[in-house]
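This report refers to the structure that appears directly beneath it.
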Amino acid sequence: MRRILLLSCLLFSWSVVCASEPSGERKQELVRLVRQDCGSCHGMRFTGGLGLPLTPQTLKERPFEGLVATVYYGRPGTAMPPWRSILSEQEAEWIVRQLLNGFPEERR
Amino acid sequence: MRLLLALLAAVLFAGCAQQPPVRGTGDLGIVIERADGRILIVDTTARAVLGRVAGLGDLSHASAVFSRGGRYAYVFGRDGALTKVDLLLQRIERRVMQAGNSIGGAISQDGRIVVAQNYEPGGIKAFDAATLELLAEVPTQSKVVGLADLAGNRFAYALFDKGEIWLTDLSDPRAPRTERYPAGVQPYDGLVTPDGRYYLAGLFGEDGVALLDTWRPQDGARKILANYGKGQEKLPVFKMPHLRGWAVAGNHVYLPAIGRHEVLVVDKADWRESARIPVKGQPVFVMARPDGRQVWVNFAFPDNGWVQVIDTEKGEVVRTLQPGKAILHMEFTPRGEHVWLSARDDHAVSIYDTRTFARLATLPAQSPSGIFFTSRAARMGF
């Protein structure tokens, strides 16, 4: 499915289907969600808690696809829940990319 | 000579400026402003914010305990800081960085020892409550959850990664003695009953709760509510429930189910399940009003805009409230006529009458999370 999406992105790079960037407003929502609600397990500054640290240093060791899958499907047997009822796969990708690049601060 | 006198007067005068106002502390409390490393000092009689104290660091999972005089709050920050705040002078009294990643703490029965529970490096650390001098540490090689104070300056806590309950005796604070008891898979938090006798550790990795009778610890921990999920698939848990804050009302204990939108009710006489009450979402805090007539429940994301009230006599939800966006915490006034609720995403703390459910006041606060009142100082397990 991802491959098909990627392919369609290559073919129709102008199409909205493959726009993996959320809208500006949605981005703000996601930043808040990740800082606050992922933060309850990972720490608001992502230094870890019950969940692992999500700093660029630790995450860059991991395959990108695996991290996206962890966010989207969770990790059964651990406390990491699946977020697919809340986030689209593209949004999960966007979040992981931001985490890798140093996560944006909340605007206030 | 005159100079000396003037100097003396100046010193005395400066001393006076430092005098706290003459007032009691029994109706004081704090509200954590989690994103800003600040706390509000509040007055539950005036229903007002008295002041702000900044510079407490990363408070994303902060909690607090109080000196038994109610003047000092000990605030445990996520970044491993332990900060002693003077509520009357509204300033930081002392502060130590004691770990890399911390989750909370407790204060001893005699009020002399403050203990922090840490994720990184995993373990507990005991500090002199007056000076914050380190007295002892017990490394656990595991994240520590559910730290609770017991009689005799003992402390109970659970090890998330090791599945054990540990009891540490700090009656000689520089020579801790620790006993270990197998508990179950991934304990996520713990509580002690109001009398300080039973320690309960909720399990995340299996259906059930570990129970240790701290009067008879040699009998070991046993499992209650085993298989409450009946093998059904769990719903996602977007936030770990918290057990601390008694959910003991009358003869029953009210506990959050994991991965089920239910509150489980256990009979304290035989520790068997006596009922389960369907609720709006994954419960996070299940807290009894001090008189035990009501149990208030808040919920994990995405249902964290709701709060439900269980009438313990009827055994059912009698009220469903929408107090605001992202209700993170609830705290009852000492005798329970009011409850304060923090609405993180509304940047507000709301005060409700627990009898009429009327909203009495709303106070502004930046991303408020935990609310802690000094009445905790006199209660075991807080």
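The values are calculated or read from the model by the stated rules, or taken from the named source; none is laboratory data. All values derive from a computational prediction rather than experimental measurement. Cβ coordinates were reconstructed from backbone atoms using ideal geometry, including for glycine residues, and neighbour counts include every protein chain displayed. Only protein heavy atoms, including side chains, enter the accessible area calculation; ligands, DNA and RNA are left aside. Shrake-Rupley method; radii C 1.70, N 1.55, O 1.52, S 1.80 Å.
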Q | Which of B:Val266, B:Ala343, B:Ile92, positive extreme of dipole for the protein assembly as shown (C-beta unit charges) | A | B:Ile92
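With the cut-off at 1.5 for a/c, could you classify the range A:24-101 from its C-alpha gyration tensor as rounded, prolate or oblate? Could you put the intermediate results ahead of the total?
On the way: a/c = 1.20, a/b = 1.13, b/c = 1.07.
Note, shape of the range A:24-101 comes out rounded.
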**Q.** Gaussian network model of chain B, springs between alpha carbon atoms under 10 Å - residue of B:Leu82, B:Leu56, B:Leu135 with greatest fluctuation
**A.** B:Leu135
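What FRET efficiency do you get for B:Asp169 and B:Glu120 if R0 is 30 Å and r is their Cβ-Cβ distance, rounded to the nearest 0.05? Display every interim value, and only then the final one.
Numbers: r = 25 Å, r/R0 = 0.83.
The computed FRET efficiency comes out at 0.75.
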Q) For the range A:40-69, which residues drop by 10 square angstrom or more in accessible area between the chain on its own and all protein chains together (1.4 Å probe)? A) A:Ser40, A:Cys41, A:Gly43, A:Met44, A:Arg45, A:Thr47, A:Gly48, A:Gly49, A:Leu50
Q: Give the residue from A:Gly39, A:Trp83, B:Gly229 lying farthest towards the positive end of the charge dipole for the protein assembly as shown; charges sit on Cβ (+1 for Lys and Arg, -1 for Asp and Glu) and the dipole is referred to the Cα centre.
A: A:Gly39
Q | Positions from the range B:93-131 whose accessible area shrinks by 10 Å² or more when the full protein complex is built, not the chain alone, probe 1.4 Å | A | B:Asn101, B:Tyr119
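If you build the convex hull over the alpha carbons only and average its shadow over all orientations, what do you get for the range B:213-342? Give it in nm² to one decimal. Each step should come with its number before you reach the end.
Details: hull surface 33.9 nm².
Mean projected area for the range B:213-342: 8.5 nm², to one decimal.
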Q: Can you tell me what the convex hull of the Cα atoms of the range B:109-234 projects to on average, as an area in nm²?
A: 7.8 nm²
Q.
Using all alpha carbons of the protein assembly as shown, what is the percent of pairwise distances in each 20 Å bin, ordered from the shortest bin to the longest?
A. 23, 56, 18, 3, 0
Q. For the protein assembly as shown, what is the charge dipole size about the Cα centre, in debye to the nearest 20, if Lys and Arg each add +1 at the Cβ and Asp and Glu each add -1 at the Cβ?
A. 520 debye
(Q) Need one number: nm distance between label points at B:Lys230 and A:Leu100, each 7 Å from Cα along Cα→Cβ, rounded to one decimal. (A) 4.5 nm
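Rounded to the nearest 100 Å², what is the buried accessible area between A and B, both sides summed, probe 1.4 Å? Working shown, then result.
On the way: alone 7200 and 15890 Å², together 21090 Å².
The summed interface area works out to 2000 Å².
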Q: Counting residues in chain B as N, plug N into 2.2 N^0.38 Å and put the Cα Rg over that result.
A: 1.00
Q: Give, rounded to the nearest 20 debye, the magnitude of the charge dipole that the range A:59-108 has about its Cα centre when Lys and Arg contribute +1 at Cβ and Asp and Glu contribute -1 at Cβ.
A: 100 debye
Q: Name the most mobile residue of B:Val85, B:Val295, B:Val96, meaning the one with the largest mean-square fluctuation, in a Gaussian network model of chain B with Cα contacts below 10 Å.
A: B:Val96
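Once fully extended, how much extra length lies between B:Thr356 and B:Ala269, figured as 0.36 nm per residue of separation less the alpha-carbon to alpha-carbon distance? Let's see the in-between values first.
Working: separation 87, 0.36 × 87 = 31.32 nm, distance 3.20 nm.
Residue separation times 0.36 nm, minus the Cα-Cα distance, leaves 28.1 nm.
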**Q.** Among B:Arg78, B:Arg344, B:Arg355, residue whose mean-square fluctuation peaks in a GNM of chain B (springs only between Cα atoms under 10 Å)
**A.** B:Arg355
Q.
Students often get this wrong, so check it: of A:Lys60/B:Lys162; A:Lys27/B:Lys143; A:Lys27/B:Lys325; B:Lys239/B:Lys268; A:Lys27/A:Lys60, which have C-alpha atoms separated by over 25 Å?
A. A:Lys60/B:Lys162; A:Lys27/B:Lys143; B:Lys239/B:Lys268
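Which is the longest stretch in chain B that no exposed loop site breaks, taking sites as GluC sites (Glu not before Pro) with a DSSP loop state and at most 12 other Cβ atoms within 10 Å?
Values: sites that count: B:Glu133, B:Glu233, B:Glu313.
Longest stretch, sites excluded: B:1-132.
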Q. Once both axes come from the Cα atoms, what is the angle between helix B:2-17 and the longest principal axis of chain B, in degrees from 0 to 90, rounded to 10?
A. 20 degrees
**Q.** Label point distance in nm, B:Arg293-B:Arg23, each placed 7 Å from Cα along Cα→Cβ
**A.** 2.9 nm
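Label the range A:25-65 by shape, choosing from rounded, prolate and oblate, from the square roots a ≥ b ≥ c of the eigenvalues of the Cα gyration tensor; if a/c is under 1.5 it is rounded, and otherwise prolate applies when a/b is larger than b/c, oblate when it is not.
Details: a/c = 2.57, a/b = 1.32, b/c = 1.95.
Oblate, because a/c is 1.5 or more while a/b does not exceed b/c.
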Q. Tell me, what is the per residue accessible area of the protein assembly as shown in Å², probe radius 1.4 Å?
A. 43 Å²
Q.
Give me the percent relative contact order of chain B, please, defined on Cα pairs under 8 angstrom at least 6 residues apart.
A. 11 percent
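Quick one: with all protein chains in place, what share of the accessible area of the range B:183-285 is carbon or sulfur, to the nearest percent (1.4 Å probe)? Walk me through the intermediate numbers first.
On the way: 1820 of 3890 Å².
That fraction is 47 percent.
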